[in-house]
Amino acid sequence: MNVKIEAGWKEALSPEFDKPYFVSLTDMVRKEYANPGVSVYPPASKIFSAFDTTPFSQVRVVIIGQDPYHGPGQANGLCFSVNPGIEIPPSLRNIFKEIEDDLGIPAPADGNLSRWACQGVFLLNATLTVRAHNPKSHAGCGWETFTDAAVRALAETREHLVFMLWGSDAIRKGSFIDRDRHLVLTAPHPSPLSAYRGFFGCRHFSKANEYLKIHGYEPINW
């Protein structure tokens, strides 16, 4: 199957594209987007934005989310990110608060995280599509298998990456990553329900930059 995705990712993930699960997944997604009775996010052209904005060879940090935002105009294909002009969601506000407390960087005016993605921060949702107003509606359809393969490709073929795993779902998704080969940072999810249980004060952003500098990478301008 010819999947339109960044060339490095296409090479890394090529074994997935002809597997039965991916063929079924692709068929389901196409039918969902073609169904006039439902709205699906993000826009079809943005499904692989995380991969296209952060080429495989340029990944330095991996942040794993759950599934795209399910409100109109929010999802842009990057986890936790929203388009300019969209109200910053609570979890992202908490992420910005931790960055300010950790690094002294004030919160930006909008929640568009493409500025991170262009620096090598791979903003991956476990599920890449969702029905409007129906969270996790495309969970269990095959996306998780595909995004597991993406995480595994990075973990097994790259060196000295930083994986930020927030919440139990993300921590499980990264459970196989070799901690001697990469820096794996774990914390509760930044949502208002759990941020005070250890996300605030985790200092993941300074820890990531310190690790990157030690291993010869440029730090991220958070």
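The values are calculated or read from the model by the stated rules, or taken from the named source; none is laboratory data. What you are looking at is a predicted structure, and each value in this text was computed from that prediction instead of being measured. Heads up, the Cβs are rebuilt from the backbone with ideal geometry, glycines too, and the neighbour counts pull from every protein chain shown. When the accessible area is computed, the model is the full protein with side chains, heavy atoms only, and any ligands, DNA or RNA have been set aside. Shrake-Rupley method; radii C 1.70, N 1.55, O 1.52, S 1.80 Å.
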field: Burial order of peptide ranges 72-78, 87-93 (average beta-carbon count within 10 Å, highest first)
entry: 72-78, 87-93
- request: Report, in debye and to the nearest 20, how large the dipole of the range 1-49 comes out about its Cα centre when Lys and Arg carry +1 and Asp and Glu carry -1 on their Cβ.
  value: 140 debye
task: Pull out a ≥ b ≥ c, the square roots of the eigenvalues of the alpha-carbon gyration tensor of the range 1-130, then state rounded if a/c is under 1.5, prolate if not and a/b is larger than b/c, and oblate in the remaining case.
output: oblate
message: I need the phi-derived Karplus couplings for the range 99-108: 6.51 cos²θ - 1.76 cosθ + 1.60, θ = phi - 60°, integer Hz, Gly and Pro marked x.
response: 4, 5, 5, 7, 10, x, 8, x, 4, x
Computed [θ] at 222 nm, helices only, for the chain once each DSSP H run of length n ≥ 4 contributes -39500 (n - 2.57): -10000 deg cm²/dmol
- prompt: For the range 98-222, rounded, prolate or oblate, judged on the Cα gyration tensor with a ≥ b ≥ c (square roots of eigenvalues), a/c < 1.5 rounded, else prolate if a/b > b/c?
  reply: oblate
query: Can you tell me the accessible area per residue over the range 44-121, all protein chains present, probe 1.4 angstrom, in square angstrom?
result: 39 Å²
- line: Surpassing 31 Å at the alpha-carbon level, of the pairs Lys4/Lys213; Lys19/Lys173; Lys19/Lys213; Lys19/Lys97, are Lys4/Lys213; Lys19/Lys213; Lys19/Lys97
- line: Taking Cα pairs closer than 8 Å and at least 6 residues apart, the relative contact order of the chain in percent is 22 percent
query: Out of [x] 8, 35, 38, 16, 2, 0; [y] 8, 30, 35, 21, 6, 0; [z] 8, 28, 29, 15, 7, 6, 4, 2, 1, 0, which label holds the value of P(r) over Cα pairs in 10 Å bins from 0, in percent that was computed here?
result: [x]
query: What shape does the range 57-162 take by its C-alpha gyration tensor, where a ≥ b ≥ c are the square roots of the eigenvalues and a/c under 1.5 counts as rounded, a/b above b/c as prolate, and the rest as oblate?
result: oblate
field: Nonlocal amide H pairs with His138, under 5 Å, H built at 1.01 Å
entry: Arg131
task: Sequence neighbours fewer than 8 away in the same chain don't count; with that in mind, list the aspartates and glutamates whose C-alpha is under 14 Å from Lys10.
output: Asp18, Asp52
- prompt: Any idea of Thr145's accessible area? Nearest 10 Å², probe 1.4 Å.
  reply: 70 Å²
- prompt: Out of Ser191, Ser57, Leu161, whose Cα points farthest toward the positive end of the dipole of the chain (charges: +1 Lys, Arg; -1 Asp, Glu; placed on Cβ)?
  reply: Ser191
field: Share antiparallel - DSSP beta bridges, the chain, percent rounded to 5
entry: 20 percent
statement: The long-range amide H neighbours of Gly65, using H built 1.01 Å from N in the peptide plane and a cut-off of under 5 Å, are Leu124, Asn125, Ala126
- line: Calc'd 3J(HN,Hα), the range 133-146, phi into Karplus 6.51 cos²θ - 1.76 cosθ + 1.60 (θ = phi - 60°), Hz, glycine/Pro = x, comes to 6, 9, x, 6, 5, 9, 5, x, 9, x, 4, 4, 5, 5
query: So which GluC sites (Glu not before Pro) in the range 116-169 are both in a DSSP loop and have at most 15 other Cβ atoms within 10 Å of their Cβ?
result: Glu159
